[in-house]
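Comments concern the structure below.
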Amino acid sequence: MAVRIVIAGGSFGGLTTAYELRRHLGPDQATITVISKDRRFVFVPSLPWVAVGRRSLEQISFDVAGPLASKHVGFVHQVVTGIDTERKGVATEGGEHPYDFLVVATGHRSANEAVEGLGPFDGPGHSPMSAPEATELRSAVQALLEQPGPVVVGAAPGASCIGPVYELAFELDHLLRRRKLRHRVPITFLTPEPFLGHMGMGGAGKIRQLLEGRLEERDISYATSAAVKRITADAVEVEGASPLPSVLSIVIPPLAGIEAVANSAGLPNPKGFLPVDAHYRHQVADGVYGVGVAVAMAPVGDTPVPVNFPKTGHMTEQMAQIAARDIAARIAGRSEEAAGELSARCVLDMGDRGAYLAVDPVRPPRDAIPTVSEGRRWLLAKRVFERTYLWHAERGRRMPSTLGW
Ligand SMILES: Cc1cc2nc3c(=O)[nH]c(=O)nc-3n(C[C@H](O)[C@H](O)[C@H](O)COP(=O)(O)OP(=O)(O)OC[C@H]3O[C@@H](n4cnc5c(N)ncnc54)[C@H](O)[C@@H]3O)c2cc1C
């Protein structure tokens, strides 16, 4: 009988796992089913572009059912409501899905409640962390263009996804300069990082100096080790400082695991993430794997204000490939060697140019000195990567991770 593999989540982690599994296992060896609450794959790294009006959601997303079917992978469009690791079943609103192997790739829940007023739908603060939130932010950016005023862009204590906040600060600066409105919009950048470019991974090469220089050059004030505590309609309050006037407050929240994982006995850590080993197997639950933002990763050292370890798209793909190969090896009766530590590549959009960062491994100490490079070509590379990634993913093909992000 074919082995039953269920994958919860249909984004970077879920799709990469499904495609990689099919490269190793034919339909006679394994049934593979992806369960996702969203029918569309969204290229999340482009959400800041949605927020500043440079992309529509349609341009950066596609329906996953067709590409998965072309790989003989089933698709269930349902919300996962719980996981029973004893019975080995995934509960959805439509019924239970039994598994022999389960890969949890359900990403995060934005813990917006960590900052009073963060919203975005029930408070004045904004965030680009999901498609609906980025769309809401887009309207707020349009309103700023009509009625300019001070802006705060930042990350809350405990945030782990700091890169997009830098991108939004630079993109807003660029947009306002093109509209000849920058002189009417003071921008302040607030980060829990102990220094710019820490990014939750202890910094990397000269990224700190690059970011300090570029923020100063563009007249963007900044504060590090900043603990944002409250957002009101016209200000952002930070621990130990006077409130900063702000008509547009964009603050990235700390992340937690989704409720279905957080509430499943024997599965989550206290934050709702999955504790995994070097193969991305759950440390306790038999047959369960976790990949992407859903997994628990300890912060890199202590910082005065908490900053968490980033789980980027590039890292998510590496985790998915390791997990898929491990499952295939176990089904074939082999034991797969655990791959080494994760590396990270990413391109930061700085409005009129990009900055490329390659770090290997992500956690210090590192074998290689991180590469930091800046120029217009990286912005072009980021746009080409987005198009190429979507083109491949929509055709059931996996992108080589080495191309960068
Ligand atoms: C604004 C922003 C910009 C970023 N920019 C970059 C970048 O430039 N480079 C980079 O490498 N990384 C970037 N990242 C990080 C990257 O997007 C994540 O690492 C990546 O999305 C993680 O993929 P994932 O599959 O783990 O989770 P997600 O992409 O969050 O996907 C989760 C999946 O699970 C599904 N799901 C959730 N809950 C349920 C449920 N209860 N039932 C069923 N399905 C469920 C969702 O529908 C979705 O399909 C960025 C992140 C953000 C938010």
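Can you tell which of Pro27, Pro45 is over 30 Å from Val141 (Cβ atoms) and open to solvent by 10 Å² or more (accessible area, probe 1.4 Å)? Break it down stepwise before answering.
Details: Pro45 fails: over 30 Å from Val141 (Cβ atoms).
None of the other options fit; the residue is Pro27.
Would you confirm whether or not the range 227-236 contains a residue that is of a type outside the set (S, T, N, Q), in the same structural domain as Ile327 (by TED's automatic domain parsing) and outside any loop (DSSP other than H, G, I, E, B)? Break it down into steps so the answer makes sense when it comes.
Our first condition is that a residue be of a type outside the set (S, T, N, Q); within the range 227-236, this holds for 227-231, 233-236.
Checking which are in the same structural domain as Ile327 (by TED's automatic domain parsing) leaves us with none.
Checked against the condition, which is being of a type outside the set (S, T, N, Q), in the same structural domain as Ile327 (by TED's automatic domain parsing) and outside any loop (DSSP other than H, G, I, E, B), the range 227-236 yields no hits at all.
Can you tell me how many residues within the range 326-351 are in contact with a helix residue (DSSP H, G or I) (Cβ under 7 Å, 6 or more places away or on another chain), more than 12 Å from the ligand (Cβ to nearest atom) and modelled with pLDDT under 95?
The number of residues fulfilling the criteria is 3.
Could you tell me how many of the residues in the range 184-204 are closer than 25 Å to Pro364 by Cβ and surrounded by 18 or more Cβ atoms within 10 Å (Cβ to Cβ)? Outline the logic, then answer.
Of all residues in the range 184-204, those closer than 25 Å to Pro364 by Cβ come to 189-204.
From the residues that got through so far, the ones that are surrounded by 18 or more Cβ atoms within 10 Å (Cβ to Cβ) too are 189-193, 196-204.
Number satisfying all stated conditions: 14.
This table checks each residue for (1) near the ligand (Cβ under 9 Å from one of its atoms); (2) of a type outside the set (S, T, N, Q); (3) more than 30 Å from Tyr166 (Cα to Cα); (4) assigned to a strand (DSSP E or B).
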{"residue": "Leu15", "(1), (2), (3), (4)": "yes, yes, no, no"}
{"residue": "Tyr19", "(1), (2), (3), (4)": "no, yes, yes, no"}
{"residue": "Ile35", "(1), (2), (3), (4)": "yes, yes, yes, yes"}
{"residue": "Trp49", "(1), (2), (3), (4)": "no, yes, no, no"}
{"residue": "Thr81", "(1), (2), (3), (4)": "yes, no, yes, yes"}
{"residue": "Gly107", "(1), (2), (3), (4)": "yes, yes, no, no"}
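Scan the range 22-32 and tell me whether some residue there is touching a residue at least 60 places away in the same chain (Cβ under 8 Å) and either at positive phi or within 16 Å of the ligand (Cβ to nearest atom) (or both).
Within the range 22-32 (the criterion being touching a residue at least 60 places away in the same chain (Cβ under 8 Å) and either at positive phi or within 16 Å of the ligand (Cβ to nearest atom) (or both)), the answer is no, since none of the residues qualifies.
Which one of the conditions (1) closer than 30 Å to Cys161 by Cα; (2) part of a strand (DSSP E or B) does Pro45 fail to meet, given that it meets all the rest?
Condition (2) is where Pro45 drops out.
Within the range 141-160, how many residues are outside any loop (DSSP other than H, G, I, E, B) and surrounded by 18 or more Cβ atoms within 10 Å (Cβ to Cβ)? Steps first, please.
From the range 141-160, those outside any loop (DSSP other than H, G, I, E, B) are 141-146, 151-155; that's our starting set.
Now restrict to residues that are surrounded by 18 or more Cβ atoms within 10 Å (Cβ to Cβ): 141, 144, 151-155.
Number of matching residues: 7.
Which strands (runs of 3 or more DSSP E) sit wholly inside the range 264-377 and have at least 2 residues that are assigned by TED's automatic domain parsing to the domain that holds Gly82? It would help to see each step written out before you state the result.
Values: elements: 288-290, 344-349, 354-359, 371-375.
In the range 264-377, the matching strands (runs of 3 or more DSSP E) lie at 288-290.
Collect the residues in the range 116-133 that are among the acidic types (Asp, Glu) and either open to solvent by less than 20 Å² (accessible area, probe 1.4 Å) or under 15 Å from Ala169 (Cα atoms) (or both), keeping them in residue-number order. Spell out how you get there, then give the answer.
Filtering the range 116-133 down to residues among the acidic types (Asp, Glu) leaves 116, 122, 133.
Scanning the range 116-133 gives a single hit, Glu133.
I'd like the full set of residues that are within 17 Å of Ala320 (Cβ to Cβ), within 14 Å of the ligand (Cβ to nearest atom) and not aliphatic (A, V, I, L, M), limited to the range 377-398.
Tyr389, Arg398
Can you tell me which residue among Ser246, Ser225 is more than 16 Å from the ligand (Cβ to nearest atom), open to solvent by less than 10 Å² (accessible area, probe 1.4 Å) and under 29 Å from Gly123 (Cα atoms)? Lay out the reasoning, then the answer.
Numbers: Ser225 fails: open to solvent by less than 10 Å² (accessible area, probe 1.4 Å).
Residue meeting the stated conditions: Ser246.
Ile7 - would you say it is farther than 14 Å from Ala393 by Cβ, without any contact (Cβ under 8 Å) to a residue 60 or more places away in the chain, more than 9 Å from the ligand (Cβ to nearest atom) and crowded, with 24+ Cβ neighbours inside 10 Å?
Numbers: farther than 14 Å from Ala393 by Cβ: yes; without any contact (Cβ under 8 Å) to a residue 60 or more places away in the chain: no; more than 9 Å from the ligand (Cβ to nearest atom): yes; crowded, with 24+ Cβ neighbours inside 10 Å: yes.
Considered against the rule, which asks whether it is farther than 14 Å from Ala393 by Cβ, without any contact (Cβ under 8 Å) to a residue 60 or more places away in the chain, more than 9 Å from the ligand (Cβ to nearest atom) and crowded, with 24+ Cβ neighbours inside 10 Å, Ile7 comes out as no.
Among the candidates Gly257, Gly266, Gly240, which residue alone is of a type in the set (Gly, Ala, Ser) and buried (at least 22 other Cβ atoms within 10 Å of the Cβ)? Reasoning before the result, please.
On the way: Gly266 fails: buried (at least 22 other Cβ atoms within 10 Å of the Cβ); Gly240 fails: buried (at least 22 other Cβ atoms within 10 Å of the Cβ).
Being of a type in the set (Gly, Ala, Ser) and buried (at least 22 other Cβ atoms within 10 Å of the Cβ) holds for just one of Gly257, Gly266, Gly240, which is Gly257.
Exactly one condition in (1) in contact (Cβ under 8 Å) with a residue 24 or more places away in the chain; (2) on the phi > 0 side of the Ramachandran plot is false for Leu118; which is it?
The one condition Leu118 does not meet is (2).
For (1) surrounded by fewer than 19 Cβ atoms within 10 Å (Cβ to Cβ); (2) touching a Leu at 6+ places or on another chain (Cβ under 9 Å), each residue gets a yes or a no:
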{"residue": "Ala285", "(1), (2)": "no, yes"}
{"residue": "Val293", "(1), (2)": "no, yes"}
{"residue": "Val300", "(1), (2)": "no, no"}
{"residue": "Ala320", "(1), (2)": "no, yes"}
{"residue": "Asp326", "(1), (2)": "no, no"}
{"residue": "Ala329", "(1), (2)": "yes, no"}
{"residue": "Gly333", "(1), (2)": "yes, no"}
{"residue": "Glu336", "(1), (2)": "yes, no"}
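If you check Ala134 against the conditions, is it assigned to a helix (DSSP H, G or I), touching a Pro at 6+ places or on another chain (Cβ under 7 Å) and not assigned by TED's automatic domain parsing to the domain that holds Pro270?
Values: assigned to a helix (DSSP H, G or I): yes; touching a Pro at 6+ places or on another chain (Cβ under 7 Å): yes; not assigned by TED's automatic domain parsing to the domain that holds Pro270: yes.
Yes; evaluated as a whole, the condition is true for this residue.
Looking for whichever is of a type in the set (Gly, Ala, Ser) and under 17 Å from Ser246 (Cβ atoms) here; the options are Ala204, Ala159, Ala155. Which one fits? Walk me through it before giving the result.
Numbers: Ala204 fails: under 17 Å from Ser246 (Cβ atoms); Ala159 fails: under 17 Å from Ser246 (Cβ atoms).
After ruling out the rest, the residue left standing is Ala155.
Please go through the range 109-131 and pick out each residue that is part of a strand (DSSP E or B) and away from the ligand (no atom under 13 Å from the Cβ).
Initially, the range 109-131 is screened for residues part of a strand (DSSP E or B), giving 109-110, 116, 126.
Within the range 109-131, just Glu116 meets the criteria.
Within the range 87-105, which residues are assigned to a loop (DSSP other than H, G, I, E, B), surrounded by 20 or more Cβ atoms within 10 Å (Cβ to Cβ) and within 10 Å of the ligand (Cβ to nearest atom)? Reasoning before the result, please.
First, the residues of the range 87-105 that are assigned to a loop (DSSP other than H, G, I, E, B): 87-88, 93-94, 99-100, 105.
Filter once more, so that each one left must be surrounded by 20 or more Cβ atoms within 10 Å (Cβ to Cβ): 88, 99, 105.
Of everything in the range 87-105, just one residue is assigned to a loop (DSSP other than H, G, I, E, B), surrounded by 20 or more Cβ atoms within 10 Å (Cβ to Cβ) and within 10 Å of the ligand (Cβ to nearest atom), namely Ala105.
The values are calculated or read from the model by the stated rules, or taken from the named source; none is laboratory data. Note that the structure is a prediction, hence the values are computed from the model and not measured. Note that we place each Cβ from the backbone using ideal geometry, even for glycine, and neighbour counts take in every protein chain shown. All accessible areas refer to the heavy atoms of the entire protein, side chains included, with ligands and DNA or RNA removed. Shrake-Rupley method; radii C 1.70, N 1.55, O 1.52, S 1.80 Å.
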